[in-house]
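The values are calculated or read from the model by the stated rules, or taken from the named source; none is laboratory data. Model, not experiment: these values are computed from the prediction. Cβ coordinates were reconstructed from backbone atoms using ideal geometry, including for glycine residues, and neighbour counts include every protein chain displayed.
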Amino acid sequence: MASLKEKFSSQIDPMRQRIRTINKEHGDVKISDVTIAQAYGGMRGIKCMVTETSALDPMEGIRFRGYTIPELREKLPKASGGEEPLPEGIFYLLLTGELPTEDDVKEITKEWQKRSALPEHLINTLKAIPKETHPMTQFSMAVLALQKDSIFAQRYREGMNKLDYWDPMFEDAMNLLAKLPHIAAYIYRKIYKNDEHIPADFNLDWGGNLAHMMGIENEEFKELMRLYLVLHCDHEGGNVSAHTTHLVGSALSDAFYSLSAGLDGLAGPLHGLANQEVLRWIMDLREKFGGVPTKEQLKQFVWDTLNAGQVIPGYGHAVLRKTDPRYVAQREFALKHLPDDEIFKIVSALYEVVPDILVEHGKAKNPWPNVDAHSGCLLVYYGVTEYDFYTVFFGVSRALGVLASLVLDRAIGLPLERPKSVTTEWIEQQIKK
Ligand code: HAX
């Protein structure tokens, strides 16, 4: 992978120098204070880590290396005849901070194709896992099974200069990314399609091939895959999947250990698993009311969920305080390709009733929909009706961001992460003081 690796390699010294200077000249400047409420409250808002790939503004939403989602939908290279950005391009951007050319993106597609073969031991591992095991568990286990082939782990064992850590981390990240759509499609066909598998089509890009290997030969679905894989790739560093990958990597665990751990966090219902929960909840309400419910019926259903002590899946966010631009991008896709779909109508009706109810309920700090409120509706429209699989798509995409960050972490030499914890007794002593 000459050009992406060379480009990244040429950026490392200036990056190291920049951070060294900041630390030396301004290392004492305070960027955050921590309150007791934050220590008990999931560390919300504490600025205490550096992630270069993206930044999340509560009101504006995500920017990937400074670019908004609408900007990237316009500026990133597209598949021939397509209108949605290619995920290969966002990986280039996340890693280098620069927009790729068409040729840069084609080179990544080719490179990932070269590295994509699944080793026999991985297939045997996947075969041995019971079919009923959740797809996310199978996905995370598959990533971990590949750890045997980690170049980083091998080079570390042989003795490696700290300054070189980023190089084998880059190679592991590229090998992993190349294989993820193949693993995802394998798991999908194993569980839901009689264990009958479809070989890759190397005329297709990374996202298009995922659609093809799943068995969905629909150009619109390929476009959806490309958009989906771009939208879910990164959400700054503090979210559970990104933070976990980064934390595990800080112990110099390789990319396989780190990503597998990050995927385990993504599989929680308050994080990535919310996408399957949203669809399950919508299907329940559609069945209950025999189609698109009236607004009054919807309101009652939302209140019933809240009164049962449950959350409204797909709504709320730990950082965002407005409608998630990833939701907006998916809504635009739906308006263009499936405006009359019944589930899309329910998703739209929920958008009209849920925020007011959450405000009246008075708990959620953000009453607006997040990315997971919309994705399932698009997937089910193209025939992916197996909700339990949805978080695997999220995982394939999220790997782009967290692996780019992991390579950056090693390039700039970030140390072992080890914040200080305190006891309630210590907190009470501080209050007395
Ligand atoms: N429905 C009902 N109650 C909600 C709520 C929702 N959608 N969102 C928040 N609340 C509640 C919280 O449970 C919390 O209640 P308690 O005081 O009883 O504990 C209260 O409102 C305050 O929470 P918050 O500060 O607004 O939100 P948090 O930062 O603690 O949590 C969550 C953010 C995303 C976990 C939360 O909004 C939630 O549970 N949403 C539903 C699940 C979901 O959609 N998750 C996906 C989020 C996006 C993502 O990461 N995707 O991967």
Suppose we filter R73, R115 for residues that are over 29 Å from K190 (Cβ atoms) and of a type in the set (K, R); which single one remains?
R73
Among the candidates V354, V311, which residue alone is in contact (Cβ under 8 Å) with a residue 40 or more places away in the chain, surrounded by 15 or more Cβ atoms within 10 Å (Cβ to Cβ), near the ligand (Cβ under 9 Å from one of its atoms) and under 24 Å from the mean Cα position of the chain (by Cα)?
V311
Go through (1) surrounded by fewer than 23 Cβ atoms within 10 Å (Cβ to Cβ); (2) of a type in the set (K, R); (3) within 16 Å of the ligand (Cβ to nearest atom) and name the single condition R398 misses.
(1)
Across the range 320-347, which residue is farthest from the ligand (Cβ to nearest atom) among those that are in contact (Cβ under 8 Å) with a residue 40 or more places away in the chain and among the aromatic types (F, W, Y)?
F333
List the number of the failed condition for I216; all other conditions in (1) within 13 Å of the chain's Cα centre (by Cα); (2) of a type outside the set (S, T, N, Q); (3) in a loop (DSSP other than H, G, I, E, B) hold.
(1)
Scan of the range 106-143 for residues that are of a type in the set (G, A, S) and part of a helix (DSSP H, G or I), ordered by number:
A128, S140, A142
Scanning for something more than 21 Å from G97 (Cα to Cα), without any contact (Cβ under 8 Å) to a residue 40 or more places away in the chain and surrounded by 14 or more Cβ atoms within 10 Å (Cβ to Cβ), does the range 60-71 turn up at least one residue?
no
How many residues of the range 266-280 are surrounded by fewer than 21 Cβ atoms within 10 Å (Cβ to Cβ) and either out of contact with any Phe, Trp or Tyr (no Cβ under 7 Å at 6 or more places or on another chain) or part of a loop (DSSP other than H, G, I, E, B) (or both)? The answer is 4
Which of (1) out of contact with any Pro (no Cβ under 8 Å at 6 or more places or on another chain); (2) more than 9 Å from the ligand (Cβ to nearest atom); (3) of a type in the set (A, V, I, L, M, F, W, C) is the odd one out, the single condition F301 does not satisfy?
(1)
Could you figure out which of (1) farther than 30 Å from D167 by Cβ; (2) part of a helix (DSSP H, G or I) isn't true of T323?
(2)
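Conditions (1) within 16 Å of the ligand (Cβ to nearest atom); (2) of a type in the set (K, R); (3) at positive phi; (4) surrounded by 14 or more Cβ atoms within 10 Å (Cβ to Cβ), marked per residue:
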site	(1), (2), (3), (4)
I22	no, no, no, no
D28	no, no, no, no
Y40	yes, no, no, no
G45	yes, no, yes, yes
For the range 171-204, enumerate the residues that are assigned to a helix (DSSP H, G or I) and among the basic types (K, R).
K179, R189, K190
Log entry, pairs with first residue in the range 74-99 being in a helix (DSSP H, G or I), second being among the aromatic types (F, W, Y), beta carbons closer than 6 Å, six or more apart or on different chains, reads P87/W206; E88/W206; L95/F8; T96/F8
Would you confirm whether or not the range 368-376 contains a residue that is within 13 Å of the ligand (Cβ to nearest atom), modelled with pLDDT of 95 or more, surrounded by fewer than 18 Cβ atoms within 10 Å (Cβ to Cβ) and in a helix (DSSP H, G or I)?
no
Examine the range 231-254 for a residue that is under 18 Å from V392 (Cβ atoms), touching a residue at least 60 places away in the same chain (Cβ under 8 Å), assigned to a helix (DSSP H, G or I) and away from the ligand (no atom under 16 Å from the Cβ), and state whether such a residue exists.
no
For the range 256-282, pairs from a residue that is under 19 Å from L177 (Cα atoms) and near the ligand (Cβ under 10 Å from one of its atoms) to a residue that is outside any loop (DSSP other than H, G, I, E, B) and aromatic (F, W, Y), with Cβ under 9 Å and 6 or more apart or across chains, are L266/F394; G272/Y390; G272/F394
